[in-house]
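Input: a single structure, listed below in structure tokens.
Just so it is clear, none of the values below were taken in a lab; they were calculated from the coordinates. Given the structure is predicted, the values throughout are model-derived calculations rather than measurements. Ideal geometry is used to build each Cβ from the backbone, glycine not excepted, and the neighbour counts take in all protein chains shown.
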Amino acid sequence: MDDQKQKNENQNQNNINQTIVADEKDMTEEYLNNWKRERADFVNYKKDEAKRMEEFVKFANAGLILELLDTMDDLYMATKQVKDAGLGQVIKKFEDLLKKYGVEKIEVGGPSTGSGQVKFDPMLHEVVSMEEGDPVKSPDGDNGARNIEEVRVGYTMNGRVIRPARVKIIK
């Protein structure tokens, strides 16, 4: 009977050990899954931070460039008053420098640029006045508020508008 009792006791101990092992396996698996989830969250966080930093660096100079654009406007006005090749070269050099930093003019068209008509885009243009006039009919037959004249040059920086073009609409 002692043998039977010993066997039962061993069987009970074996069952308890198996239960403990199964519980420990479950806990280990849970810890591993939690670690993997946290690791993935951390990797995603690092990627997001890298993107934010890239955006920050891309537009960190926007304030300075906006101030320089006021000087650029003064140079454009000066060329309207005085036709000087040297001044034109300075403007060209200034434009090349701005382009190097991702700054580009917003094309408007109209009489000041001689390129004709451009559709008004509220994301790119800021209306400063509207005038009645004789608008040129567009190729698609629409003669609505499509003839715009540039009053002040607008700029984008790395694809984002940093200063909308001020325009006059001729209806």
Ranked V167, V43, V103, criterion: other C-beta atoms within 10 Å, fewest first: V43, V103, V167
Return the sequence-ordered ³J(HN,Hα) values of the range 120-129 in whole Hz as given by the Karplus equation 6.51 cos²θ - 1.76 cosθ + 1.60 applied to θ = phi - 60°, using x for Gly and Pro. 5, 10, x, 7, 10, 10, 10, 7, 9, 6
Residues whose placed amide H lies under 5 Å from that of E126, excluding near-sequence neighbours: A165, R166, V167
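So what is the relative contact order of the chain, in percent, for Cα pairs below 8 Å that sit 6 or more residues apart? Don't jump to the answer; show the numbers that get you there.
Working: 172 pairs, mean separation 31.9, N = 171.
In percent, rounded to a whole number, it is 19.
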Whole-Hz ³J(HN,Hα) for each residue in the range 147-152, computed from phi via Karplus 6.51 cos²θ - 1.76 cosθ + 1.60 with θ = phi - 60°, x for glycine and proline: what do you get? 8, 10, 10, 6, 9, 9
Exposure proxy check on K99, K168: fewest-to-most Cβ neighbours within 10 Å is K99, K168
Once amide hydrogens are built 1.01 Å from N within the peptide plane, the residues lying 5 or more places from N147 or on another chain with amide H under 5 Å from its amide H are I170
Rounded to the nearest 10, the angle in degrees between the Cα long axis of helix 62-81 and the longest principal axis of the Cα atoms of the chain comes to 10 degrees
Using only the alpha-carbon atoms, how far is helix 2-59 inclined from the longest principal axis of the chain? Give it as 0 to 90 degrees, nearest 10. 10 degrees
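Stick to Cα atoms and the Kirkwood definition of Rh, then tell me Rg/Rh for the range 1-60. It would help to have the intermediate numbers written out before the result.
Values: Rg = 25.7 Å, Rh = 15.8 Å.
We get a ratio of 1.62 for the range 1-60.
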Which ³J(HN,Hα) values in Hz, rounded to whole numbers, follow from the phi angles of the range 98-103 under the Karplus curve 6.51 cos²θ - 1.76 cosθ + 1.60, where θ = phi - 60° and Gly and Pro get x? 5, 4, 4, 9, x, 9
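Filter the trypsin sites (Lys or Arg not before Pro) in the range 65-97 down to the DSSP loop ones having no more than 15 other Cβ atoms within 10 Å, then list what survives. Each step should come with its number before you reach the end.
On the way: sites: K80, K83, K92, K93; in loops: K83.
For trypsin sites (Lys or Arg not before Pro) across the range 65-97 that sit outside H, G, I, E and B with at most 15 neighbouring Cβ atoms in 10 Å, the list reads K83.
So what is the orientation-averaged projected area of the chain, using the convex hull of its C-alpha atoms, in nm²? Mind showing how you got there, number by number?
Values: hull surface 77.0 nm².
Result: 19.3 nm².
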